[in-house]
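The values are calculated or read from the model by the stated rules, or taken from the named source; none is laboratory data. From a predicted model like this one, the values you see are computed outputs, not experimental measurements. All Cβ positions, even for glycine, are placed from backbone atoms using ideal geometry, and neighbour counts span all protein chains on display.
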Amino acid sequence: MPDYKVKQGDCIESIAFRHGLFWETIWNHPKNQQVRMVRKDPNVLFAGDKVFIPEKRAKDESGITEKRYRFKRKGVPSKLRIKLEDEHDEPLAKQPYTLEIDGSLFSGTTDASGWLEQAIPPNARRGKLIIGKSREQEFPLFLGDIDPIEELTGIQGRLNNLGFDCGPVDGKLNSETCAAIRLFQQAYGLEESGGLNDETRNKLKEIYGS
């Protein structure tokens, strides 16, 4: 089977789901060592990355003739985890929420640290999150759209989502992006250079969560 060319929004779980494989089977395959070394996180790939898809292997199960059996596919669904905080970086604890994922509705309450966790299909792409009851806040969700943090578009996407406005996610290190980087560095006690370095990338990954 030829290598699969990653499209925007793909991750290893969605690719594995499409091909009927466990995500670990693809991610841990020796022929995918290069993409593992570059991306490090199976949930964050870059459009154009090449991923080797191994052939499926048959597995035999013994059973009694003419008896009905039910088989459950492992590895499905995936889990969506989101941490909610207010403008002062305080967790939105014990807040009711409604989550719409590709037309399916889920509801629940955030935990004491502001986290919500919901099982979703591995190939989910779009959603909407509504927080609270009396004063609802609504947020669109674009699942899988964030680029790897090694890419400038990944930096821009994370900064925008955290409220440090870079403008368009276009992969250009323009004055707007440099200003957003400088504001992020200022907010988290880093050297305010407005440029990218390992310290800034690592802090952004820590704050963003991936």
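Residue-wise test of (1) modelled with pLDDT of 95 or more; (2) over 22 Å from V38 (Cα atoms); (3) in contact with a Pro (Cβ under 8 Å, 6 or more places away or on another chain); (4) of a type in the set (K, R).
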| residue | (1), (2), (3), (4) |
| --- | --- |
| F106 | no, yes, no, no |
| L141 | no, yes, no, no |
| E150 | no, no, no, no |
| F164 | no, yes, no, no |
| D170 | no, no, no, no |
| A179 | yes, yes, no, no |
| L196 | no, no, no, no |
### Query
In this structure, is I130 touching a Ser or Thr at 6+ places or on another chain (Cβ under 6 Å) and more than 21 Å from Q8 (Cα to Cα)?
yes
### Task
Report the residue count in segment 126-159 for those that are out of contact with any Cys (no Cβ under 9 Å at 6 or more places or on another chain) and either farther than 26 Å from A180 by Cβ or of a type in the set (V, I, T) (or both).
10
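Does A112 count as loosely packed, with under 15 Cβ neighbours inside 10 Å, at pLDDT 90 or above, among the hydrophobic types (A, V, I, L, M, F, W, C) and more than 22 Å from P42 (Cβ to Cβ)? So that I can check it myself, show each step before the final result.
Working: loosely packed, with under 15 Cβ neighbours inside 10 Å: yes; at pLDDT 90 or above: yes; among the hydrophobic types (A, V, I, L, M, F, W, C): yes; more than 22 Å from P42 (Cβ to Cβ): yes.
When the stated conditions are applied, A112 passes them.
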### Message
Name the residue that is surrounded by the fewest Cβ atoms within 10 Å (Cβ to Cβ), counting only residues in segment 92-109 that are among the β-branched types (V, I, T) and closer than 27 Å to D10 by Cα.
### Response
T98
### Query
So which strands (runs of 3 or more DSSP E) stay within segment 114-195 end to end and still have 1 or more residues that are among the small types (G, A, S) and either touching a helix residue (DSSP H, G or I) at 6+ places or on another chain (Cβ under 6 Å) or not assigned by TED's automatic domain parsing to the domain that holds D41 (or both)?
115-120, 126-131
### Task
Please determine, by comparing only the residues of segment 4-32 that are in a loop (DSSP other than H, G, I, E, B) and surrounded by fewer than 17 Cβ atoms within 10 Å (Cβ to Cβ), which one is nearest to the chain's Cα centre (by Cα).
Q8
### Query
Take the residues of segment 186-195 that are within 17 Å of E87 (Cα to Cα) and not small (G, A, S): which is nearest to the chain's Cα centre (by Cα)?
Y188
### Task
Search segment 118-129 for residues being farther than 24 Å from F46 by Cβ and at pLDDT below 90, and hand back the single one that is surrounded by the fewest Cβ atoms within 10 Å (Cβ to Cβ).
A119
### Query
What are the pairs, 6+ residues apart or on separate chains, where a residue within segment 157-180 that is touching a residue at least 24 places away in the same chain (Cβ under 8 Å) has its Cβ under 6 Å from a residue that is hydroxyl-bearing (S, T, Y)?
R158/Y208
### Selection from segment 33-44 of residues that are in contact (Cβ under 8 Å) with a residue 24 or more places away in the chain and either touching a helix residue (DSSP H, G or I) at 6+ places or on another chain (Cβ under 6 Å) or not in a loop (DSSP other than H, G, I, E, B) (or both)
V38, R39, P42
### Query
Taking segment 41-57 on its own, how many of its residues are exposed (fewer than 13 other Cβ atoms within 10 Å of the Cβ) and either more than 20 Å from the chain's Cα centre (by Cα) or modelled with pLDDT under 90 (or both)?
3
